[in-house]
1. Scan the range 231-240 residue by residue and report those that are surrounded by fewer than 22 Cβ atoms within 10 Å (Cβ to Cβ), touching a strand residue (DSSP E or B) at 6+ places or on another chain (Cβ under 8 Å) and part of a loop (DSSP other than H, G, I, E, B).
2. Just one of (1) loosely packed, with under 13 Cβ neighbours inside 10 Å; (2) within 19 Å of L215 (Cα to Cα); (3) of a type in the set (A, V, I, L, M, F, W, C) trips up F303, so point out which.
3. Would you call A78 over 22 Å from the mean Cα position of the chain (by Cα) and not assigned by TED's automatic domain parsing to the domain that holds V193?
4. Given the conditions (1) of a type outside the set (G, A, S); (2) surrounded by 19 or more Cβ atoms within 10 Å (Cβ to Cβ); (3) touching a Gly at 6+ places or on another chain (Cβ under 9 Å); (4) in the same structural domain as L215 (by TED's automatic domain parsing), and given that N141 satisfies all but one, which numbered condition is not satisfied?
5. From the residues in the range 166-177 that are free of Cβ contacts under 8 Å to residues at least 40 places away in the same chain and not in a strand (DSSP E or B), which one is farthest from H260 (Cα to Cα)?
6. Would you pick out the residues in the range 178-208 that are closer than 18 Å to C237 by Cβ and assigned to a strand (DSSP E or B)?
7. Look at I279 and say whether it is surrounded by 11 or more Cβ atoms within 10 Å (Cβ to Cβ), touching a Ser or Thr at 6+ places or on another chain (Cβ under 9 Å), within 27 Å of G166 (Cβ to Cβ) and among the β-branched types (V, I, T).
8. Quick check on the range 146-158. Is at least one of its residues modelled with pLDDT of 95 or more, charged (D, E, K, R) and farther than 23 Å from I119 by Cα?
Amino acid sequence: MSGPSYSLKDLADKVKGELVGDPDLVISSIATIQNASSGCISFLANPKYKKFLKESSASAIIVSPELSSRLETPGIIAEDPYAAYAIISSMFTKHRNPYSDKSISYFVHETAEVHDSVIIGPNVYIGPECKIGRNSIVHANSSLVMNVELGQNTIIHFNSILGSDGFGYAPQKDGYIKIEQLGKLIIGDNVEVGAGCTIDRGAIDNTEIHNGVKLDNQVHIAHNVILGENSAIAASCAIAGSTTIGKNLQMGGLSGILGHLNIADNVLIGAHTLITKSIDKPGNYVGIMPAQEQKNWAKSSVFIKQRKSK
């Protein structure tokens, strides 16, 4: 099945860019600048790919004003070529609703509230007291366990578990007493939760994921965490319980944040970094030790211990 096609003018109008060349040029796909072919539109966002401006077979290229003089094909001049590409990418989606088959089976509890515009995949479970807002999508095999609220235009990808029990127990000499998780999980508007994520509902207060947050695959967020708006977390990260995080967090893959901490707005955390203390000012925080042979690591660890003790 062939996908949609657009004129170059259609695309330029969509991204509010300046059109260069034939406005009626037909664009049928989008591709990287080095792999594009006739009929494709591409983009140049990273300066290291400038050499492909002359070599590319793309029919049109999106460039910044700074590089517009080097454009040798039709194209679009946009202040942010990468953002323009992101907008245009949505126009080439072939299957906006992959679950159009009305025979798809999912479960919605009688106390749940789901807006008529919501798209729900097969084998989805929507449990007690859950609410899902306008134009949100819950993909196949995901679960909203209990007391979960999703805002508008939010996407939950495959196999994610929202509102699961937090890890709460009262220790005793002979074991543990389970603490019932009575709070909610509240997820805002325009949030995207990747595949295989788990986010716990609160113990008493709520777990909160604010507007615009983007989570990669296999991210775990524990109970009573507050995650500020427009934060972005890469794959396989974990945030322990009762930590409060400001706006615009960026968190590299395989990183972690311990519990009961406070993290300021505009914090960047490098890949494979563990945050063990509160952060009260914006900045780029990283704690990466390059891989070494074991015998060399043993020597390095002695040096690190000596430095810490001073």
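The values are calculated or read from the model by the stated rules, or taken from the named source; none is laboratory data. If you're wondering where the values come from, they're calculated on a predicted model, not measured in any experiment. Note: ideal-geometry Cβ built from the backbone for every residue, glycine included; neighbour counts use all protein chains shown.
1. Once the filter is applied, which keeps residues that are surrounded by fewer than 22 Cβ atoms within 10 Å (Cβ to Cβ), touching a strand residue (DSSP E or B) at 6+ places or on another chain (Cβ under 8 Å) and part of a loop (DSSP other than H, G, I, E, B), the range 231-240 yields A234, A240.
2. With (1) loosely packed, with under 13 Cβ neighbours inside 10 Å; (2) within 19 Å of L215 (Cα to Cα); (3) of a type in the set (A, V, I, L, M, F, W, C) applied to F303, the lone miss is (2).
3. Judged against the criteria, A78 is a match.
4. Every condition holds for N141 apart from (2).
5. D174
6. L185, I187, E192, V193, T198, I199, D200, T207, E208 - these are the residues of the range 178-208 that are closer than 18 Å to C237 by Cβ and assigned to a strand (DSSP E or B).
7. Taking the combined requirement at face value, the residue does not satisfy it.
8. No: zero hits.
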